[in-house]
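Read the structure below first, then the notes.
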Amino acid sequence: MLLYREPLHRRTVLKALLLITMISGVLFCILNTQRGVYALATIELLTAAYSLLLYRVVSRTRHLDAWILAYLLPFLSIMMFALAQPGTSDSIFVWVFLIPQISYLLTGVKRGFMITGFYLLAAAALFYNRYQDMETMPAVSIANTVICAIAIWSFAHYYEQSRERYSRRLLQIAERDSLTGLLNRMRLAEVVDSEIRNAETRGQTMAMILLDLDHFKQVNDCHGHPAGDHALIYVAEKLQSAVRKTDYVFRLGGEEFCILLPGADRYSAAEVAESARRELEQGDFCMAGKPLSLTASFGIAVSGEDGHELVELYHIADQRMYAAKHGGRNRVIADDLEELHAAAFAVADEASELKY
């Protein structure tokens, strides 16, 4: 499950546009006052003030998408109002060429296409209304204006479409383990923080399961690193098949994995871990036609009971995972009582080895 991230460039672009709107709003207010177009001058002054207010908000808001629309739609509507004023200069239609650029940069491909289409059609209707008399505006000039607007719209659309596609690909490369395709350690902190907040809002808990493959070094030493890579891919597939679509599976590095279960308590997390343990133990992984045993040791931590942030949960789950290792491996430890039992088992086992 991959979280969507708002493109970082949009906040910067919006702030630059707000500064330009503030300056141009004051400038055109003065010019239109001198020309006697008082209604438009008043609107432009209000637009400059509104842009100043938005500039302060967008610098720190976490809801950038909503504020983008709060700027863009009024701005383009005021542009249409300016085009409709009979006293404005003919050169005001040059501003229409900005519509595709700022719409796609600020809102992306889908919204950019809809916003651009709506406002370009509105501008075309206003353009036609002003220049119905072909003697005022030659047909060649009209054709050039229309073709130029369509060309700019097409360039903006295909550029933003390509940029979004490559951005998604780069984000996937940065967030995914290249071998298994699982989420990597870099994404763990962000996902944990988000899911803990969501769980607390709903009055629920979130469970973290850490697991480490048992004796995995022997796989690499005996069968080579390619075999180890195949084994890790196999484990990743088994873990994904053991969880829900709303859960997360990470490869943290080497042979260590993590499972996050939003909304899960200790009991349900232990069931998932035990199911995954059995899947690995009873699996059919083979190398060179021969079955190869793969097992793992599991440790579980639950938000609220074991901690309220990543560091606390990871520390507890890691302790329990290593208690499972010392307690004989290929087992799940979900709470402190089980951990104590595993430690006692390990001590007894060591004493038995020393005796014999």
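The values are calculated or read from the model by the stated rules, or taken from the named source; none is laboratory data. As the structure is a prediction and not an experimental result, all values here were calculated from the model. Virtual Cβ from ideal backbone geometry, glycine too; neighbours counted across all protein chains shown. Note: accessible area is taken over every heavy atom of the protein model, side chains too, but ligands, DNA and RNA are not part of it. Shrake-Rupley method; radii C 1.70, N 1.55, O 1.52, S 1.80 Å.
Residues are listed down the side, and each one gets a yes or a no for (1) of a type outside the set (A, V, I, L, M, F, W, C); (2) in contact with a strand residue (DSSP E or B) (Cβ under 9 Å, 6 or more places away or on another chain); (3) under 30 Å from R165 (Cα atoms); (4) open to solvent by less than 20 Å² (accessible area, probe 1.4 Å):
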residue: Y38; (1), (2), (3), (4): yes, no, no, no
residue: A48; (1), (2), (3), (4): no, no, no, yes
residue: V57; (1), (2), (3), (4): no, no, yes, no
residue: F75; (1), (2), (3), (4): no, no, yes, no
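When the residues of segment 325-345 are narrowed to those that are touching a Gly at 6+ places or on another chain (Cβ under 6 Å) and surrounded by 17 or more Cβ atoms within 10 Å (Cβ to Cβ), which ends up modelled with the highest pLDDT?
So, considering only residues that are touching a Gly at 6+ places or on another chain (Cβ under 6 Å) and surrounded by 17 or more Cβ atoms within 10 Å (Cβ to Cβ), the one modelled with the highest pLDDT is I333.
Do we find a residue being closer than 30 Å to Y248 by Cα and part of a loop (DSSP other than H, G, I, E, B) anywhere in segment 129-146?
no
For segment 66-118, which positions are at pLDDT below 90 and either of a type in the set (S, T, N, Q) or touching a Cys at 6+ places or on another chain (Cβ under 8 Å) (or both)?
Answer for segment 66-118, where residues must be at pLDDT below 90 and either of a type in the set (S, T, N, Q) or touching a Cys at 6+ places or on another chain (Cβ under 8 Å) (or both): Q85, T88, S89, S91.
Assuming V192 fulfils every condition listed in (1) assigned to a helix (DSSP H, G or I); (2) of a type in the set (V, I, T); (3) open to solvent by 40 Å² or more (accessible area, probe 1.4 Å) apart from one, which condition is it?
Here V192 clears every test but (3).
Does L280 count as assigned to a strand (DSSP E or B) and buried (at least 18 other Cβ atoms within 10 Å of the Cβ)?
Taking the combined requirement at face value, the residue does not satisfy it.
If you take the residues of segment 219-271 that are part of a loop (DSSP other than H, G, I, E, B) and aliphatic (A, V, I, L, M), which of them is surrounded by the most Cβ atoms within 10 Å (Cβ to Cβ)?
A264
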